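Working notes for the structure below.
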Amino acid sequence: MRLLLISNSTNAGEAYLEYPKRQIADFLAADGVKRVLFVPYAAVTFSYDDYQAKVAARFAEFGVEVDSVHRYDNPAEAVRRAEAIVVGGGNTFHLARTMQDQGLYEPIREAVLARGVPYVGWSAGSNMSCPTICTTNDMPIVEPLSFKALNLISFQINPHYLDAHPDGHAGETREMRIEEFLAANKGIRVAGLREGCMLRVEGDRVALIGSRPLRLFRYGTEPQELQPTDNLAGLL
């Protein structure tokens, strides 16, 4: 199993996919990937064609072509032929519902878990690698058939994780929301993945890439800050 799970596509003040592009390039090059199958279904306010073109422009910089699953009459068969699978960010509920409607869960799981096809996801695409989508930050703008996700990893990710509690904001912090999730799902761990960071999974090895620590949440214990130099194998 090879996964690159990225917190966010764009850092403030940077171009789209600028900060993770070298990591994406290196990750795909390790398997000699020259063409990826993109899943654009998290897009809501812009077209799938536009999303594909935006990602393709960045991937072209490191010599990788971007095909898109939305162009196929049989999306599941396109997944079965893919060299690598890339799932973009946007609205996680819209992504899950459309992937469920298109019958993509099992073909992607078979590709990644049985055949070792590389998987790259950012934001909603990272949420999709988890057991469920329940630690997304997004509004449920559509109702998926279930909250189940691809279950490629055994823990949850909260992408775009924020520590801040802005002045004048009386609502819950991100940490409080995660604590609510843990109270209802006591046996599941949650990785608060801060922006500018990603997790690279190679079999049973996990590496945190980025300049900021990961905040690990478990029910009944204080959150733990894990550095890129720490051993993260226990996450799996």
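The values are calculated or read from the model by the stated rules, or taken from the named source; none is laboratory data. All of these numbers come straight from a predicted model, not from anything done at the bench. Cβ coordinates were reconstructed from backbone atoms using ideal geometry, including for glycine residues, and neighbour counts include every protein chain displayed. Side chains are part of the model used for accessible areas, which takes the heavy atoms of the whole protein and leaves out ligands, DNA and RNA. Shrake-Rupley method; radii C 1.70, N 1.55, O 1.52, S 1.80 Å.
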Among the residues that make up the range 68-75, is at least one of them open to solvent by 10 Å² or more (accessible area, probe 1.4 Å) and among the aromatic types (F, W, Y)?
yes
Out of D31, D67, which single residue is over 24 Å from M99 (Cα atoms), among the charged types (D, E, K, R) and touching a strand residue (DSSP E or B) at 6+ places or on another chain (Cβ under 9 Å)?
D31
Quick one: I85 ticks every box in (1) over 17 Å from the mean Cα position of the chain (by Cα); (2) closer than 29 Å to L232 by Cα except a single one, so which number is it?
(1)
Matching residues in the range 176-195 - criterion: being open to solvent by 20 Å² or more (accessible area, probe 1.4 Å) and not charged (D, E, K, R):
M176, F181, A183, A184, N185, G187, I188
Can you pull out every residue in the range 8-53 that is farther than 26 Å from P140 by Cβ, within 17 Å of the chain's Cα centre (by Cα) and assigned to a loop (DSSP other than H, G, I, E, B)?
N11, L17, E18, Y19, P20
Would you check if P159 is within 30 Å of K21 (Cα to Cα) and touching a residue at least 40 places away in the same chain (Cβ under 8 Å)?
yes
Pull up the range 217-236, narrow it to residues that are within 25 Å of A124 (Cβ to Cβ) and in contact with an Asp or Glu (Cβ under 8 Å, 6 or more places away or on another chain), then point me to the one that is modelled with the lowest pLDDT.
L236
Determine whether the range 141-153 contains at least one residue that is open to solvent by 30 Å² or more (accessible area, probe 1.4 Å) and aromatic (F, W, Y).
yes
Note: among L152, L113, just one is out of contact with any helix residue (DSSP H, G or I) (no Cβ under 8 Å at 6 or more places or on another chain), touching a residue at least 60 places away in the same chain (Cβ under 8 Å) and not hydroxyl-bearing (S, T, Y), namely L113
Inspect the range 117-137 for any residue being more than 13 Å from the chain's Cα centre (by Cα) and loosely packed, with under 15 Cβ neighbours inside 10 Å and give the result as yes or no.
no
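Per-residue answers, yes or no, for (1) farther than 9 Å from F38 by Cα; (2) touching a residue at least 40 places away in the same chain (Cβ under 8 Å):
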{"residue": "K54", "(1), (2)": "yes, no"}
{"residue": "F62", "(1), (2)": "yes, yes"}
{"residue": "D67", "(1), (2)": "no, no"}
{"residue": "E77", "(1), (2)": "yes, no"}
{"residue": "R80", "(1), (2)": "yes, no"}
{"residue": "E83", "(1), (2)": "yes, yes"}
{"residue": "V86", "(1), (2)": "no, yes"}
Is it the case that the range 175-186 has a residue that's more than 25 Å from T10 (Cβ to Cβ) and of a type in the set (F, W, Y)?
yes
Taking the condition of being outside any loop (DSSP other than H, G, I, E, B) and either open to solvent by 10 Å² or more (accessible area, probe 1.4 Å) or polar (S, T, N, Q) (or both), how many residues in the range 95-116 meet it?
11
Can you tell me which residue in the range 154-175 is most open to solvent (accessible area, probe 1.4 Å), limited to those that are over 21 Å from Y119 (Cα atoms) and among the small types (G, A, S)?
A170
The range 79-92: number of residues that are open to solvent by 20 Å² or more (accessible area, probe 1.4 Å) and in a helix (DSSP H, G or I):
1
